[in-house]
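Mind having a look at this structure? Questions to follow.
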Amino acid sequence: MIGLGLFKGLTVTLKNLFSPVFTVQYPDKRAGLFALSRYLNKPISKLITENPKEFIMGLVGMAKIPVKNDQFPRFRGNEFVWYDDRCTACASCAKYCPLGIIEIVTHPSGENMQAGENYAIDKFDIDTGRCMFCGLCVEACPYDALHMGTDFERGNYQRVNLVLDKDTLTSQNKNPSSWFRPQFEEKDYDPWDKDLSNPKEAGRHEKPSYQDIKNKWVTKRKTNG
Amino acid sequence: MYEFIYDILKYVLDLFLTDLKYENYILTLLTGIIIAFAIINAVLGGVLALIWGERRLLGRFQQRTGPNRWGPQGILTSTADAVKVMFKEDIIPEEADKYIFNLAPLLLVVPVFIIFSVIPFGMGLYAVNINVSVLFILAVTSISGLSIICAAWASANRIAIFSALRSVAMLISYEIPVGLSLVGILLITESMSVMDIVNYQSLPFILIQPVAAVVFFLGSLAEINRTPFDLTEAESELAAGYQNDYSGMKWGLFYLGEFAAAIAAASVFSTLFLGGPNGPILPGIFWLTIKVVGVLFVIIWIRATWPRFRIDQVLNLAWKGLFELTLVNIVVTSVTVIIWPEGDSNRILYIALANWIFAFPFLIIIFRLLRTKNYVDYINIKSSYPIGSDKPKFEKVGS
């Protein structure tokens, strides 16, 4: 019968009305009292005395609960993670960068003379304002010192603030992405879960110690004669 | 309601001023102002709630949350919108006819508020009791077409004029089925007063006059420019339609008028067909509110589901479908009213039975008449050419 389709459509939308919502609220979501007590791990009776302001907001359904969404470990955010201790200042990243936005200034440090002398890094700037996040620098890094980052809340009012210099790179939280770093994915690494500030965890191979290098190059050669 | 407030005012006034010259006139004026103030504010509050409820419900119909940031469950969203609209810049186009341009929003809003003056909110809770109030409602609602054509013509915008012409064509066509669908009710109650119709409805008229109820509902959807008849605001074709050049509070008045019209249509439908304030236990005003909210829910539900008609389909439905249905309804009702004499206690049941029996076959016949050519047949006719392409103009001869 003609006109029956209209009612079929109405039943479809009525089913949608009573089905769960797909919206993901970000950066926080509105919550009532029960959700608030579940989030703060406190019974509602305790909330009245300990968090009276949040209790009142929860009573009218306006309490805020911060939301952190699930993120794939291989997601590339708009920042970089750099390990000072792993970097040899070889400037491979700067050479591979198609836009030329990585600036490295070094001087001979006078350390480690036996292995061919280390470089001390004066300046390590990445201008993320012009970066296209192709990841060639990360691919090029031979010592796994540079990683793609996972943070994406880095909006700024001035372009100058988008330049990642050495201080910010060393001081910021280190949540590297597992993009081009398969060793993270093998360990089921979650960027939100863990702060990888220890440089030894970040690489495929560890940077050899001074003693190792000495053994490898000096002692071996001496014994070989 | 009028006498009650009048008496209170008179008592209060007599305490202070004993010898007032034109006391009657002053009291009448004051009473009228108080009642109008109360009704208009109730409707404005209802409009704010309706805008919020519609956005929220539409969200749930589409499996998203809808506005939930301002106030509990986002209930202050529409209030914030209203405040924002008040502070926006008011632009009048250079080529616009200023006087009519400013008049048009008022012409849309004021009649909608006037409708509420004849609607009984409870038993004995009404502003005025006119003995031809059904006719009054039909007359007042038809002013909205004038407002729309005024707005479009004054703003000197061709898109607005297209929208207004469509809208007015639709409004004029749908006024006829809406008016005729009420004839059945008038035949049964033998009165044009809304109060009499409400008092008559121990059994709601939607059960006695099913066809009239359907036609009236669809017609009122068209009168308030709602989906599936919202041709005036077909965003993909006409941008905002006749309100293209309006901004600030004038645009806000149009918006207000549309939503107030939705409430008005819902309350007229629930007073005429759902029994109005009639109902057990609870006082009348609660029953009317429940019924109005229910009708508004159905209107929003339809908006979330059905697509928009084309202009020719809209006019076809009005003139080839609903118009005939109302005529059939009038014939069936008048015959049954004459056959069963007054005073019979089961009279209303017989009339309802006759209407239900005649309703379904005629509905089917009318929808058969409205059926357009099947798409599959079209493919078979033009099977040698792809759909949508005409026969090629230059065919090679002899090859």
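The values are calculated or read from the model by the stated rules, or taken from the named source; none is laboratory data. Quick caveat, the model's predicted, so the values are computed rather than measured. Reconstructed Cβ throughout: ideal geometry from the backbone, glycine too, with neighbour counts over all protein chains shown.
If I go through the stretch B:341-356 residue by residue, how many of them are without any contact (Cβ under 8 Å) to a residue 40 or more places away in the chain, crowded, with 16+ Cβ neighbours inside 10 Å and touching a Phe, Trp or Tyr at 6+ places or on another chain (Cβ under 8 Å)?
1
Does B:V194 qualify as being at pLDDT 90 or above and surrounded by 22 or more Cβ atoms within 10 Å (Cβ to Cβ)?
In short, no.
I would also like to ask the following. Within the group B:F101, B:F116, which residue is crowded, with 20+ Cβ neighbours inside 10 Å, more than 30 Å from A:M57 (Cβ to Cβ) and in contact with a Pro (Cβ under 9 Å, 6 or more places away or on another chain)?
The unique qualifying residue is B:F101.
Taking the stated definitions as given, is B:I143 surrounded by fewer than 23 Cβ atoms within 10 Å (Cβ to Cβ) and within 16 Å of the chain's Cα centre (by Cα)?
For B:I143, the condition - surrounded by fewer than 23 Cβ atoms within 10 Å (Cβ to Cβ) and within 16 Å of the chain's Cα centre (by Cα) - is met.
Let me ask something additional. Sort out which residues of the stretch B:261-307 are of a type in the set (S, T, Y) and either within 14 Å of chain A (Cβ to nearest Cβ) or surrounded by 24 or more Cβ atoms within 10 Å (Cβ to Cβ) (or both), and write them in order of number.
Those that are of a type in the set (S, T, Y) and either within 14 Å of chain A (Cβ to nearest Cβ) or surrounded by 24 or more Cβ atoms within 10 Å (Cβ to Cβ) (or both): B:S267, B:S270, B:T271, B:T305.
Kindly evaluate B:R56 against the criterion of being in contact with a helix residue (DSSP H, G or I) (Cβ under 7 Å, 6 or more places away or on another chain) and either within 14 Å of chain A (Cβ to nearest Cβ) or within 17 Å of B:A262 (Cβ to Cβ) (or both). Break it down into steps so the answer makes sense when it comes.
Working: in contact with a helix residue (DSSP H, G or I) (Cβ under 7 Å, 6 or more places away or on another chain): yes; either within 14 Å of chain A (Cβ to nearest Cβ) or within 17 Å of B:A262 (Cβ to Cβ) (or both): yes.
Criteria met by B:R56.
For the stretch A:49-75, name all the residues that are more than 14 Å from every other protein chain (Cβ to nearest Cβ) and part of a strand (DSSP E or B).
If the condition is that a residue be more than 14 Å from every other protein chain (Cβ to nearest Cβ) and part of a strand (DSSP E or B), then A:P66 is the only one that fits.
Another question, if that's okay. Filter the stretch B:232-260 for residues that are surrounded by 24 or more Cβ atoms within 10 Å (Cβ to Cβ) and hydrophobic (A, V, I, L, M, F, W, C) and give the result.
B:A260, the sole residue that qualifies.
If you scan the stretch B:285-294, which residues turn out to be without any contact (Cβ under 8 Å) to a residue 40 or more places away in the chain and among the hydrophobic types (A, V, I, L, M, F, W, C)?
B:F286, B:W287, B:I290, B:V292, B:V293
Quick check on my filter: what residues within the stretch A:1-48 are at the interface with chain B (Cβ under 8 Å from one of its Cβ atoms), assigned to a helix (DSSP H, G or I) and β-branched (V, I, T)? Before you say what the answer is, go through the steps one by one.
Step one: filter the stretch A:1-48 for residues at the interface with chain B (Cβ under 8 Å from one of its Cβ atoms), giving A:1-3, A:6, A:9-10, A:12-14, A:16-17, A:19-23, A:25, A:30.
Subsequent filtering for residues that are assigned to a helix (DSSP H, G or I) retains A:6, A:9-10, A:12-14, A:16-17.
Correct list: A:V12, A:T13.
I've got another one for you. Name the single residue that is nearest to the other protein chains (Cβ to nearest Cβ) among those in the stretch B:30-53 being at pLDDT 90 or above and touching a Leu at 6+ places or on another chain (Cβ under 7 Å).
For the stretch B:30-53, the residue satisfying everything is B:L50.
Something else about it: Which one of these does B:Y25 not meet: (1) assigned by TED's automatic domain parsing to the domain that holds B:A262; (2) out of contact with any helix residue (DSSP H, G or I) (no Cβ under 9 Å at 6 or more places or on another chain); (3) among the hydroxyl-bearing types (S, T, Y)?
In the conditions (1) assigned by TED's automatic domain parsing to the domain that holds B:A262; (2) out of contact with any helix residue (DSSP H, G or I) (no Cβ under 9 Å at 6 or more places or on another chain); (3) among the hydroxyl-bearing types (S, T, Y), B:Y25 misses (1) alone.
On to the next question. What single numbered condition from (1) modelled with pLDDT of 90 or more; (2) of a type outside the set (D, E); (3) part of a loop (DSSP other than H, G, I, E, B) fails to hold for B:A127?
The number of the failed condition is (1).
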